Amino acid sequence: MPQRSGDKRFASIVQLLEGPKGERFVRFAYTTGGTARRGPVTLRARDVERLLAGLGGCPELARTLGFPEVKEGC
């Protein structure tokens, strides 16, 4: 999700990962210049709305986050 704060431009990333035993992990990160970075990720209410809207294209991520009723579609 592209974001900006003042003059700074960056993007937040939400990734669904799977461990060797099938356990699922969700990674929240941000990017600057295309490089993923760890650290705090802050989402405004409108960013959360965009995240929820985008979960339709990622049904496994939606279920992992606890949103089993998100409709599929991109």
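The values are calculated or read from the model by the stated rules, or taken from the named source; none is laboratory data. Because the structure is predicted, anything quoted here is derived from the model rather than measured. Quick reminder, even Gly has a Cβ in these numbers, built from the backbone with ideal geometry, and neighbours come from all protein chains shown. With ligands, DNA and RNA removed, areas are computed over all heavy atoms of the protein, side chains included. Shrake-Rupley method; radii C 1.70, N 1.55, O 1.52, S 1.80 Å.
Couple of notes before you dig in:
- Across segment 29-41, computed HN-Hα scalar couplings (Karplus, 6.51 cos²θ - 1.76 cosθ + 1.60, θ = phi - 60°) run 8, 10, 10, 9, x, x, 9, 6, 10, 7, x, x, 10 Hz from first to last residue, x flagging Gly and Pro.
- Between I13 and R27, the simple spin-label model (points 7 angstrom out along Cα→Cβ) gives 0.6 nm.
- A probe of 1.4 angstrom, applied to the heavy atoms of all protein chains, finds R63 with accessible area near 110 square angstrom.
- Computed over Cα pairs, the Kirkwood radius of the chain leads via Stokes-Einstein (1.002 mPa s, 20 °C) to a diffusion coefficient of 160 µm² per second.
- Cα long-axis angle, helix 45-54 against the chain (0 to 90 degrees, to the nearest 10): 40
- Sulfur and carbon atoms: percent of accessible area, the chain [1.4 Å]: 52
- Each peptide in 46-58, 17-29, 1-13 receives the mean, over its residues, of other Cβ atoms within 10 Å, and ordering these scores from highest gives 46-58, 1-13, 17-29.
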